[in-house]
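Input: a single structure, listed below in structure tokens.
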Amino acid sequence: MVRCFLIHTVCPVSALGPGESRVLYSRVFGPDESIVSEQSPELSPEERRLLQKEKVAVVARQVRSSVSLSREASGRPLVETVPGEEALALQEADSGVIRLRAGDPFDAEMSALWLGVQSLGFTLVCESHENLLLAEGTLRNLTRHCLEHLHMLGQGSEVLLRSNRVDALLSRLLPHGQLLFLNHRFAQSLEKEVAAYMAK
Amino acid sequence: MYSHGSESLIKQARDIQESELQKFYSRLLKLLQGKELSHETIDSLQRLLLILSATKYTQRLPPELQKRITALLSSSAEQLQVLSSAVLRETLPSPGHEVNYNQEKTSLMNSHAAALLLSQARSRADLSSLCTQLIHGLEVRQAEGSAHSLSHTLPVINTILTHSPESLSEEHVTLLSKKLVDWLRYASITQGGGASSGGFFTGPRSRQPVPIAELDGTVSGDFFTVLCVGQGFTDDQWMNVYSFSVLRHWLLAYHSVSNGNTTADTDDRSEVDGSVVSMVSATSSSSRLLPPKERLREKAFQYCQRLIEQSDRKAHKRIDTDLQKACLVEAVCILDCVCEEDASLVFRTFPCVKALFSRLSSDLTFARVLLPIAQFYLHHGETAAVDCESVWNLVFGRFPAELFNEHFLAHELLRFLRLNLESLQLRVPQYTKSFPNLLKFLAWDSPAVVCDFADLLPSLVTTGTAVELLHTLLDLPCLSATLILQHRSACLPISDTGGRPLLLLDAFRSPSYRGLFLFLLRGEAGSGDTIDRLSTLHELLAEAADWPRVVQCAQTVPVLLYIFFNTVITGADDKLLAHLILVMLERSSLLLNIPKYIKEIHRVFSSQLLRLCKLHPSLVVDQSHELLEFAGATVNVYNKEDIYTHVVWVLGEYLSVSCDSRCSVRLITSCFETLEAVLFEITSSAPPPGTVCPAPRVITTLMSALAKLASRSHDLIPRVSLFLSKLKSVNRGGSLPWCTNEDDLTAIVTRGEELWSLLKAPGVAQSVLTPPPYISTPQWHRDTNMATPLRLRALTNLTHSM
């Protein structure tokens, strides 16, 4: 299962420190892991939410670091794309996967798959035994939809102002963090529903 | 993409004043009290969401607003459902208004409301109630025939199973297993959604059900799976997709659910009965006699076999070919899991898996599919007595050698190794010899995989290959550069006139240097520890010293060396340790010249040399010839200061009879003379051009070493004392050619004075500078004088405590 899906910056942000990342969208699936963990002391709901936000921030930072190291190593120049070139942006995106050790930050070991599209990163954190081929495909698909429906290649801030669209997208393609085996027909059917939602 | 606009929006949301916020709340409340769904309502809710999620500190909403928003969860407009669920997830319920998970209202729950309930669950009991209601909802809804709206049920149950398996009961498991069997195996085989086979003139009466199709267009001849297509889908076909998506995890985890009071025994019995039955009916398909879990296993087995067959068909679309690969991975993993539970299935499964392997093994684009197959072979190969050699040749041979730059494959392969380490070490002898190949993953993409190698490296250290492994680790940056060249060589045309790598590419391709690179690129250990022309290789690759990948790789080497030495020191014999010391001395001047790299490696060598000699002091006498050779070369003082200091220190400390009885007076004298010569040389002239003055530590260490050696062979004392007294008379105020700093000089001279005073009383000097073992490692319980009082005290304590 997928633990969380994030959209965050992977470029330097002036208001933040050098290695930090601004999280633009985050969705954590499932119950909070501290309610079933033996290790956590009794936390109040506020503390649990705070802890969860911090965990998400940790993941974003680690992915940011990974993205910049990967881009530095490959030496490929960043291709700037404009709205309308979503397919190209996706093709040119860097991708990778990091191992998040148990405790850092989630209780169990996780794999964080990422796609770096210019200044933003799209990250999927899933359990380590998960089918990563399926996860990779799902991440690409989600990213494509986000780029298209939220016009993310432009200068707008729809990812902040229309985050309900990402929620709706996730509820179809990744319901409650469940990766789905969708052939093109099933995918089309779900995408039609998504498009109908976005049109409202 | 990320603009100032977004940044300022977030800032605004965070900095909103309390008064403005309250005004906003009341405006929103008014909007929600109205009957219509307007754009303004949606926008305001979205804005509220932004305000709540922009900060990590939780806000509580005014109770009336909270109530209104909660009511929106069951609205007919999905946008309102989505937004209300998201808003409520970002805030906390008002005290006293927490959700009661035992209420019977959730049979009408939609996906977004379920998400809220999941995220606000406070205990396992809450999750358990949620689970019960969802399953109840399944029964109710299925009777009504609207199963598509149940699409969220299986994912939510799977989430609960992931986080808190104890929240499910045996009953839940039995019920769901039955349903899964139905959906997986008995879903409709005709197309749904009113598809008809007729053309323009067909009316509703002549609408015949159209059968489902395979991905290559042919009509499907067997039960429905995720690899079947149609114009539209029926509800149970949707549930087929969801069922398969949760299947593997369900099979892995359904054992860890909570057992009821009396179900424990019956469960065991049914397991035994189930496996007896399945052995008997090994080829029969009448599995109706099996209990639900075993029946599910059987159906899962059939489903996976069908998927494997379906994956051979040529799909028309890219998304479908990708899905076929993902299905293959999933199918093999499920078969592996099912065979673990029921070993009798291995004989039915192996032919299928073996055929799949033969089909895919020559196509490297299926590498990620071949990994689960390798896992299957590892788990069940022995049971089936199958030869796995070709599998391991792929995993340890071709994959690292040819696909080192594929990060997903690297991640999955290394994970496979980590999880199966014990098994591999036992059953796959080529594992420990394959480190030259495996390290290619590290050389290419160090930051991503160094964590995995930190875990794997200890298992790759064996007595036979330790020295070669050390050399390989030290040359990892060279391997990195070579892989880049190999990769570019394959990608770039020969006549490319772009940048620097071209010169190196020529060297890479030229026959006179080919052997050097081929050694680095070797796949297996055992053909030699290292090469003679290492310095040539380093010269060639000097250009690559600032390539980012090479620099990143160089940064991981010191860490890996520490892990290497930690592993090798425990349980290694003296011979190997001696060899390692020699390697360290030799390689200290044979490293790729990357800034900071050489210094870091020297630091590791110094600390490890010290550690080795402390543990096995006799090594110093053993290797005295080589150590003296190193210590006698004055040039080492200037360009390997760290290591030099430590070599001198170990010589001074451990070259004595108490450490090794083979230590003769002649050896001590010869060492003394070597060190004396160096000390004279460095304190009589300025350092050679291009180097700095030696640090005071070097000089004081030399002096101390000489004093220690002299204390063991008193004839040498006069010689040392002569030097030390000359040192005393040095002009402290002035600056010397070999020591320009006044403080440094003071420290050196002070130490010299201390040693000189000490050496005036040779007996005292000997006990101070060469303490006998019973002083440096006291074992009081063995000493006849000390032992008696200790024993008496221990006995007294014992008798008192009884």
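What follows is calculated from the coordinates using simple rules that are stated; it is not laboratory data. All of these numbers come straight from a predicted model, not from anything done at the bench. Ideal geometry is used to build each Cβ from the backbone, glycine not excepted, and the neighbour counts take in all protein chains shown.
For chain B, what is the mean residue ellipticity at 222 nm derived from helices alone (per DSSP H run of n ≥ 4: -39500 (n - 2.57); sum divided by total residues; nearest 500 deg cm²/dmol)? Intermediate values should be presented prior to the final figure.
Values: 40 runs with 519 residues, N = 802.
Using -39500 (n - 2.57) per qualifying helix, the result is -20500 deg cm²/dmol.
The lysines within cross-link reach of residue B:67, meaning a Cα-to-Cα straight distance under 16 Å and a gap of 8 or more places when in the same chain, are B:30, B:35. Subtracting the Cα-Cα distance of residue B:599 and residue B:635 from their residue separation scaled by 0.36 nm leaves 11.3 nm. Could you check the spin-label model distance between residue B:355 and residue B:610? Points 7 Å from the Cα along Cα→Cβ, value in nm. Distance between label points: 6.5 nm.
Once you order the gyration tensor axes a ≥ b ≥ c over the Cα atoms, which shape class does chain B get: rounded for a/c under 1.5, otherwise prolate or oblate by comparing a/b with b/c? Let's see the in-between values first.
Working: a/c = 2.15, a/b = 1.94, b/c = 1.11.
Note, shape of chain B comes out prolate.
Ordered by the number of other Cβ atoms lying within 10 Å of each residue's own Cβ, fewest first, B:536, B:784, B:645 fall into the sequence B:784, B:536, B:645. Any of B:596/B:728; B:354/B:433; B:179/B:314 with alpha carbons more than 28 Å apart? Name them for me. Exceeds cut-off: B:596/B:728; B:179/B:314. The gain in end-to-end length when the residue B:767 to residue B:790 segment is fully stretched comes to 5.7 nm, 0.36 nm per residue minus the alpha carbon separation.
Here, the range B:27-85 has an Rg and a Dmax of 11.1, 33 Å when only alpha carbons are counted. Can you give the longest run of chain B that contains no GluC sites (Glu not before Pro) sitting in a DSSP loop with at most 10 other Cβ atoms inside 10 Å? The reported range is B:105-802. Here the range B:345-404 is treated as a sphere whose radius is the Kirkwood value from Cα pairs; by Stokes-Einstein at 25 °C and 0.890 mPa s it diffuses with a coefficient of 210 µm²/s. For the pair residue B:139 and residue B:341, a Förster radius of 22 Å applied to the C-beta separation gives a FRET efficiency near 0.20, rounded to the nearest 0.05. In this simple spin-label approximation, residue B:719 and residue B:362 carry label points 7 Å from Cα along the Cα→Cβ vector, and these lie 7.3 nm apart.
Kirkwood Rh over Cα pairs of the protein assembly as shown into Stokes-Einstein at 20 °C, 1.002 mPa s: D in µm²/s? Working shown, then result.
Numbers: Rh = 33.5 Å.
Translational D for this selection: 64 µm²/s.
As an exercise, take the mean of 1/r over every pair of distinct alpha carbons in the range B:415-498, invert it, and state the Kirkwood radius in angstroms.
For the range B:415-498, the Kirkwood estimate is 14.3 Å.
The shape of the range B:1-121 comes out prolate: with a ≥ b ≥ c from the C-alpha gyration tensor, a/c is at least 1.5 and a/b beats b/c. Placing unit charges on the Cβ atoms only, positive for Lys and Arg and negative for Asp and Glu, gives the protein assembly as shown a dipole magnitude near 920 debye about its Cα centre. Between 0 and 90 degrees, the angle of helix B:574-587 with respect to the longest Cα principal axis of chain B falls at about 90 degrees. Neighbour counting of Cβ atoms within 10 Å sorts the residues B:25, B:57, fewest neighbours leading, into B:57, B:25. Arranged from fewest to most other beta-carbon atoms within 10 Å of their beta carbon, B:239, B:1 become B:1, B:239. Of all alpha-carbon pairs in the range B:713-776, indicate the percentage at a distance above 18 angstrom. Value for the range B:713-776: 46 percent of Cα pairs lie more than 18 Å apart.
Here the translational diffusion coefficient of the range A:22-181 follows from Stokes-Einstein with Rh set to the Kirkwood radius across Cα pairs; for 10 °C and 1.306 mPa s it amounts to 95 µm²/s.
For the range B:431-569, the direction-averaged projected area of the alpha-carbon convex hull comes to 8.3 nm².
Give me P(r) over the range B:637-707, computed from all C-alpha to C-alpha distances, binned every 10 Å, as integer percentages. With 10 Å bins starting at 0, P(r) equals 19, 50, 23, 7, 0.
What value in Å³ per residue do you get for the convex hull of the alpha-carbon atoms in the range B:510-606? Write down the numbers at each step before the final one.
Details: hull volume 12.0 nm³, N = 97.
Roughly 124 Å³ of hull volume per residue.
As a ratio to 2.2 N^0.38 Å, the alpha-carbon radius of gyration for the range A:137-200 is 1.09.
The Cα trace of the range B:671-788 gives Rg and Dmax of 17.4, 64 Å, the first to one decimal, the second as a whole number. Could you tell me what % of all Cα pairs in the range B:558-713 have separations over 27 Å? Summing the P(r) of the range B:558-713 above 27 Å gives 22 percent of all pairs. Bridging of residue B:325 to aspartates and glutamates at a Cα separation below 14 Å is possible for A:136, B:309, B:312, B:363, once same-chain residues fewer than 8 apart are set aside. Stretching residue B:799 away from residue B:503 to a fully extended chain increases their span by 98.3 nm, per 0.36 nm per residue minus the current alpha-carbon distance.
Among rounded, prolate and oblate, which fits the range B:605-648 when a ≥ b ≥ c are the square roots of the eigenvalues of its C-alpha gyration tensor, a/c under 1.5 means rounded, and a/b larger than b/c means prolate? Oblate, because a/c is 1.5 or more while a/b does not exceed b/c.
Seen from residue B:680, the other residues with C-beta closer than 15 Å to its C-beta sum to a net charge of -1, counting Lys and Arg as +1 and Asp and Glu as -1.
Site pair residue B:25 and residue B:59 shows an inter-label distance of 0.9 nm when each label is modelled 7 Å from Cα along Cα→Cβ.
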